[in-house]
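Quick notes on the structure that follows.
The values are calculated or read from the model by the stated rules, or taken from the named source; none is laboratory data. Bear in mind that the values here come from a model prediction, so they are computed numbers and not experimental data. Here the Cβ positions follow ideal geometry from the backbone for every residue, glycine too, while neighbour counts run over all protein chains shown. SASA here: full protein model, heavy atoms, side chains in, ligands and nucleic acids out. Shrake-Rupley method; radii C 1.70, N 1.55, O 1.52, S 1.80 Å.
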Amino acid sequence: TRGTLFFEIAEIINRKKPKAIFLENVKGLINHNGGRTLATILNVLRNDLGYFVPEPQIVNAKDFGVPQNRERIYIVGFHKNTRVNEFTYPKPIKKKVTFKDIKEKKVPATKYFLSTQYLTTLHNHKARHESKGNGFGFEIILDSGIANAIVVGGMGRERNLVYDNRLKDYTPTTHIKGEVNREGIRKMTPREWARLQGFPDNFIIPVADASAYKQFGN
């Protein structure tokens, strides 16, 4: 099960004894089960497996050259044979990036622009949650803004909608209810998601959009 996956990783480390290990998880790992989960992980790595493991650190992608607010915890470790006994996490680079820096240079296909019907559905969905005191719903990222963490499923794409007023032909290219919205609201493209995750533009995306969103979200 998902909760015991770390012990499978520990078994791999025990058998293969890599010189270095590099683990990543959501930042909630720090407080999971009152902090006991992380304590168990560190105890296994340090005491059972004998690795030098400095205190884990939360790192945000937006501090390292991509316009995505993505906080993740990173755990590194070094085998005793490497004699590594100190480690410093990288410091944020002094470069502010926004969505405009990764936005498509050409206007994306019409299929990425939301229909009026779907936009209405999103507004209603957000209003329902707001009436219950929840902050759940779609969000539009400005060109000068930073994207929310991209994720698989849920409202992953809807929490990262953008404005794009370059569309001239509003003829739908896919089957939609209503018509293409005139506000220029669209989903980010898979290529924009790739850029949010640090992939270079020469990285080939060989799969359909649905799969691409899932893979980049993962």
Note down all Cβ pairs under 8 Å where the first residue falls in the stretch 130-149 and is of a type in the set (S, T, N, Q), the second is assigned to a strand (DSSP E or B), and they're at least six residues apart or on different chains. 148/68; 148/69; 148/141
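Considering only the stretch 173-187, state which residues are part of a loop (DSSP other than H, G, I, E, B), surrounded by 15 or more Cβ atoms within 10 Å (Cβ to Cβ) and more than 20 Å from the chain's Cα centre (by Cα). Steps first, answer last, please.
First, pick out the residues of the stretch 173-187 that are part of a loop (DSSP other than H, G, I, E, B): 173-179, 181-184, 187.
From what's left, surrounded by 15 or more Cβ atoms within 10 Å (Cβ to Cβ): 176, 181, 184, 187.
Residues satisfying the conditions are 176, 181, 184.
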For residue 37, the lone unmet condition from (1) modelled with pLDDT of 95 or more; (2) on the phi < 0 side of the Ramachandran plot is (1)
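Residues that are without any contact (Cβ under 8 Å) to a residue 40 or more places away in the chain: list the strands (runs of 3 or more DSSP E) wholly contained in the stretch 1-120 that include at least 2 such residues. Talk me through it step by step, then tell me what you get.
On the way: elements: 20-26, 57-60, 71-78.
Per the criteria, 57-60.
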Right, residue 187: of a type in the set (Lys, Arg), more than 25 Å from residue 62 (Cβ to Cβ) and in contact (Cβ under 8 Å) with a residue 12 or more places away in the chain or not? no
When restricted to 206, 190, the only residue modelled with pLDDT of 95 or more and open to solvent by 20 Å² or more (accessible area, probe 1.4 Å) is 206
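Tell me, which residue of the stretch 1-27 that is among the small types (Gly, Ala, Ser) and modelled with pLDDT of 95 or more is nearest to residue 81 (Cα to Cα)?
This residue is 20.
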Residue count, the stretch 136-153, condition under 18 Å from residue 119 (Cβ atoms) and either of a type outside the set (D, E, K, R) or over 19 Å from the mean Cα position of the chain (by Cα) (or both), comes to 6
Restricting attention to the stretch 127-167, and to residues there that are closer than 19 Å to residue 217 by Cβ and part of a helix (DSSP H, G or I), which single residue is least open to solvent (accessible area, probe 1.4 Å)? 160
Would you pick out the residues in the stretch 1-34 that are under 25 Å from the mean Cα position of the chain (by Cα), surrounded by 10 or more Cβ atoms within 10 Å (Cβ to Cβ) and of a type in the set (Val, Ile, Thr)? 9, 21, 26, 30
Could you list all residues from the stretch 50-74 that are open to solvent by less than 40 Å² (accessible area, probe 1.4 Å), touching a helix residue (DSSP H, G or I) at 6+ places or on another chain (Cβ under 7 Å) and among the aliphatic types (A, V, I, L, M)? 53, 66, 73
